[in-house]
Structures are given as structure tokens and as C-alpha cells.
1. Given the residues 41, 58, which is the only one that is under 12 Å from the mean Cα position of the chain (by Cα) and either surrounded by fewer than 18 Cβ atoms within 10 Å (Cβ to Cβ) or at pLDDT 95 or above (or both)?
2. Got at least one residue in region 148-156 being over 19 Å from residue 55 (Cα atoms) and modelled with pLDDT of 95 or more?
3. Exactly one condition in (1) in a loop (DSSP other than H, G, I, E, B); (2) surrounded by 18 or more Cβ atoms within 10 Å (Cβ to Cβ); (3) at pLDDT below 95 is not met by residue 25; state its number.
4. Only residues that are without any contact (Cβ under 8 Å) to a residue 40 or more places away in the chain and either in a loop (DSSP other than H, G, I, E, B) or touching a helix residue (DSSP H, G or I) at 6+ places or on another chain (Cβ under 9 Å) (or both): list them for region 50-68, please.
5. Looking at region 162-187, I want the residues that are more than 22 Å from residue 64 (Cβ to Cβ) and have a partner that is surrounded by fewer than 18 Cβ atoms within 10 Å (Cβ to Cβ) with Cβ atoms under 6 Å, at least 6 apart or on another chain. Which pairs are those?
6. Looking at (1) assigned to a helix (DSSP H, G or I); (2) under 16 Å from the mean Cα position of the chain (by Cα); (3) closer than 16 Å to residue 149 by Cβ; (4) at pLDDT 95 or above, find the lone condition where residue 4 falls short.
7. Residue check: is residue 10 exposed (fewer than 14 other Cβ atoms within 10 Å of the Cβ), modelled with pLDDT of 95 or more and not in a strand (DSSP E or B)?
8. List the pairs whose first member sits in region 1-30 and is on the phi > 0 side of the Ramachandran plot and touching a residue at least 40 places away in the same chain (Cβ under 8 Å), whose second member is buried (at least 18 other Cβ atoms within 10 Å of the Cβ) and in a loop (DSSP other than H, G, I, E, B), and whose Cβ atoms are under 9 Å apart, counting only residues at least 6 apart or on separate chains?
């Protein structure tokens with residue numbers, strides 16, 4: 001998606017350790033016009049699927065998923081990273097390692113929000129090693145729901161997550177796939 005690639009080139013900052021900082025428009029301050037265009041694109045890409053829920057993970061995926069859900073006219077369910085007193089009843093849990101935070105956390109979804117017969121589209125901001133998506137897939141499988149696909153804003157194509165998911169037969173539609181990044185020059189090269 002050229003619009004997203006152009007925005008990454010304009011406002012993204014490449015940092016050491018294969019980190020791309022896009023917090024000025026994607027995952028801290030959010031550009032809702034950009035999110036709307038992303039939502040339209042995922043709707044086009046997944047229009048033949050009968051999606052009835054979007055699943056994401058706390059926190060950065062929520063804003064994007066909420067905007068995308070408008071185009072599918074479905075609710076968003078997000079996996080929580082901490083158990084709270086508001087999370088009552090039984091839940092699905094998976095362990096997820098964060099690429100940027102370098103720590104493993106449990107992600108939790110109440111069993112009342114994922115059911116057999118649900119057709120799920122996962123939406124998230126980044127795909128690096130695939131840990132978050134794999135955790136959400138584990139939860140979907142436990143619930144008896146069906147994964148229809150994964151929509152990723154920015155995929156780090158030089159890391160294994162996207163390749164491994166696709167090898168397992170998961171449909172992954174990333175709007176920008178980064179082939180390489182160089183922290184010393186700030187250069188970003190996209191895969192087309």
C-alpha cells in the first residue's frame with residue numbers, strides 16, 4: 001500500500017536492533033485518515049470471506065482494528081495482557097513474546113467473545129517473529145472459531161514471522177512489507 005509506505009518513509013525512524021519507530025502515526029499517535037484507507041484495503045482483500053469478528057491484541061492493534069471493523073460491520077475482540085477483575089468467567093490464554101519489549105506475557109480472551117462458528121480476521125500493527133499472531137491463532141483454535149486471515153500494517157519481511165505463517169497455510173495480507181532497514185542511514189527498502 002503506497003500510502004502507508006510513503007508515510008513510513010516520511011515519518012518512520014529506524015533504530016538499532018531492527019526497530020522501526022512509527023509512533024507519530026500508527027501506534028501512539030494515530031492517523032485515523034490513514035487507518036481508514038488501511039481499513040478499505042483490508043475490506044477489499046478479504047471481501048469474499050464471511051468475517052464476523054476481528055481479533056487483535058492490546059494495545060497497539062486496538063485503534064487500527066476498531067477502524068477496520070467499521071468496513072466489515074463487525075465487533076472487535078482484543079486479547080488483554082493483564083487479568084483484571086472485569087474479566088469474569090472462563091477465558092482462553094496464550095503466551096506471547098513481544099519483539100520490542102523482549103518479554104513473555106499471557107494474553108487473555110474471555111470465552112464468551114469467541115465461539116465455534118465465528119469467522120475471525122486478525123488485525124495487528126506489526127509482524128516480526130509472529131509470536132503475537134501465533135498466540136491469537138492458538139486462542140482461535142481453542143475456541144473452535146475459524147481463522148479467515150491476518151491483516152498486518154507493517155511486516156518485517158527480513159524476519160521469519162510472515163514466512164512461517166504462510167508456510168502453515170495462513171493467509172497473511174501485509175500492507176507494507178519491509179525487505180531491509182538500516183539504522184545508520186535511516187533507509188527502508190520495501191518488498192513489492
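1. Numbers: 41 fails: under 12 Å from the mean Cα position of the chain (by Cα).
One residue alone meets the criteria, 58.
2. Looking for residues that are over 19 Å from residue 55 (Cα atoms) and modelled with pLDDT of 95 or more, one finds at least one in region 148-156, hence yes.
3. Every listed condition holds for residue 25 apart from (3).
4. Narrowing region 50-68 to residues without any contact (Cβ under 8 Å) to a residue 40 or more places away in the chain: 59, 62-63, 66-67.
Once the filter is applied, which keeps residues that are without any contact (Cβ under 8 Å) to a residue 40 or more places away in the chain and either in a loop (DSSP other than H, G, I, E, B) or touching a helix residue (DSSP H, G or I) at 6+ places or on another chain (Cβ under 9 Å) (or both), region 50-68 yields 59, 63, 66, 67.
5. Going by the 6 Å Cβ cut-off, the qualifying pairs are 179/189; 179/191; 180/158; 180/189; 183/15; 183/16.
6. Of (1) assigned to a helix (DSSP H, G or I); (2) under 16 Å from the mean Cα position of the chain (by Cα); (3) closer than 16 Å to residue 149 by Cβ; (4) at pLDDT 95 or above, only one is false for residue 4: (3).
7. It is true that residue 10 is exposed (fewer than 14 other Cβ atoms within 10 Å of the Cβ), modelled with pLDDT of 95 or more and not in a strand (DSSP E or B).
8. What qualifies is 18/99; 18/128.
The values are calculated or read from the model by the stated rules, or taken from the named source; none is laboratory data. These numbers were taken from a predicted model, which means no experiment stands behind them. Neighbour counts are summed over all protein chains in view; Cβ atoms, including those assigned to glycine, are modelled from backbone coordinates with ideal geometry.
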